[in-house]
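> Sharing a structure below in structure tokens format, with a few things to ask.
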Amino acid sequence: MVFISTKYPSMEKPHKKRHADNSLEELFGNVLQQLRKEKGLSQEELGLESGYHRTYIGMLERGKKNPSIKTIFQLAETLKVEPSELIERIQKISKIR
């Protein structure tokens, strides 16, 4: 008798996602984190200046929360960029045009 080993999909390690495979929430989070760091702000500082709690900023950056239009505009104002800058950066890394 010969036993053949098979891999079950549920047992395989997930591959690290590429930018094109990330959700829009994750892409937004990547862009938000990048801009925040470019401006030299901590999550807590961005939260305080924008009126959001630091844990919410962290959840946005990890793609766990979906920002409203109001949130996008408020964060952009705090980061001193146009809201469209956030969207343009997402488009560049996701190739959604």
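The values are calculated or read from the model by the stated rules, or taken from the named source; none is laboratory data. In this text the structure is predicted, and so the values were computed from the model without any measurement. Quick reminder, even Gly has a Cβ in these numbers, built from the backbone with ideal geometry, and neighbours come from all protein chains shown. In case anyone asks, the SASA skips ligands and DNA or RNA and just uses the protein heavy atoms, side chains included. Shrake-Rupley method; radii C 1.70, N 1.55, O 1.52, S 1.80 Å.
Conditions tested, residue by residue: (1) modelled with pLDDT of 95 or more; (2) open to solvent by 60 Å² or more (accessible area, probe 1.4 Å).
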{"position": "Thr6", "(1), (2)": "no, yes"}
{"position": "Phe28", "(1), (2)": "yes, no"}
{"position": "Val31", "(1), (2)": "yes, no"}
{"position": "Glu38", "(1), (2)": "yes, yes"}
{"position": "His53", "(1), (2)": "yes, yes"}
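> Determine whether Leu86 is over 13 Å from the mean Cα position of the chain (by Cα) and in contact (Cβ under 8 Å) with a residue 12 or more places away in the chain.
Considered against the rule, which asks whether it is over 13 Å from the mean Cα position of the chain (by Cα) and in contact (Cβ under 8 Å) with a residue 12 or more places away in the chain, Leu86 comes out as no.
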